[in-house]
Amino acid sequence: MTLMRVLFYLMSFIAVGSALYAALSKNLVRSIFIFFVTLFALAGLYVIALADFVAVTQVVIYVGGILVLILFAFMLSGRETLNVIEQHKGKFINMAKVPAVILAALFLAVIVNIILKADADNLPWVKQAIAQKNETTPISSTIDNIGVNLMTTYLLPFEAISVLLLMALVGAAHLSRKEGRA
């Protein structure tokens, strides 16, 4: 087994294991901090896949921005809100979770259907990788293309996402604000 394959399996195990722990943990603080590990493991998988720009973006945007925002929202939330959340954690299965379970099952069915129907050996980029003996070289022109397309063709969606993130930040600040008692 090559070193890259060992690193891939190690990063995959860390990503899946930490994601499961974050999802199943009853302690919200531990879930948030183990989510850091999940995001860094995903960045490591991107590096192994020679997507260094996506890996750096993963760390800067998700770890540096979104997860810190989640941490601040958690720290600024009142004790009463956390107590309400703790009271609802006792039941693993209840009727309020049925729509989410149905949606997750449908999503799993779609993913399994795609995996079973996809003929991975006959995809053009797989054939090209086999013809090149799986040797790919990273080129800097892809990063240049991402930057040019982001600021020209996809400028409107880029700005829409920035407004959406700003609204999420304002919403988090509003939810964490304590109401004045009269």
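Some points to look at:
- The number of residues in region 140-176 that are more than 30 Å from MET75 (Cα to Cα) and either modelled with pLDDT of 80 or more or of a type outside the set (S, T, N, Q) (or both) comes to 13.
- Which numbered condition THR137 fails, given (1) under 24 Å from MET11 (Cβ atoms); (2) at pLDDT 75 or above; (3) not small (Gly, Ala, Ser): (2)
To keep it simple, each residue is scored yes or no on (1) more than 23 Å from LEU169 (Cα to Cα); (2) surrounded by fewer than 16 Cβ atoms within 10 Å (Cβ to Cβ); (3) touching a Cys at 6+ places or on another chain (Cβ under 9 Å); (4) basic (Lys, Arg).
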position: ARG30; (1), (2), (3), (4): no, yes, no, yes
position: PHE53; (1), (2), (3), (4): yes, yes, no, no
position: ILE61; (1), (2), (3), (4): no, yes, no, no
position: LEU69; (1), (2), (3), (4): no, yes, no, no
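- Within the option set LEU103, LEU42, being surrounded by fewer than 16 Cβ atoms within 10 Å (Cβ to Cβ), at pLDDT 85 or above, in a helix (DSSP H, G or I) and under 19 Å from the mean Cα position of the chain (by Cα) holds for one residue only, LEU103.
- Selected residue (only one of ALA23, ALA15 is surrounded by 15 or more Cβ atoms within 10 Å (Cβ to Cβ) and farther than 20 Å from ASN134 by Cβ): ALA15
- Residue in region 106-123 that is acidic (Asp, Glu), modelled with pLDDT of 75 or more and either in a helix (DSSP H, G or I) or under 26 Å from ALA73 (Cα atoms) (or both) present: no
- The listed residues are LYS89, LYS97, LYS26, and the only one of them that is outside any helix (DSSP H, G or I) and modelled with pLDDT under 90 turns out to be LYS26.
- Candidates MET11, MET75, filtered to the one that is more than 25 Å from ASP144 (Cβ to Cβ), assigned to a helix (DSSP H, G or I) and at pLDDT 85 or above: MET11
The values are calculated or read from the model by the stated rules, or taken from the named source; none is laboratory data. Predicted, not measured: the structure shown is a model, and the values here were computed from it. For neighbour counting, all protein chains shown are included, and Cβ atoms are generated from backbone atoms with ideal geometry for every residue, glycine included.
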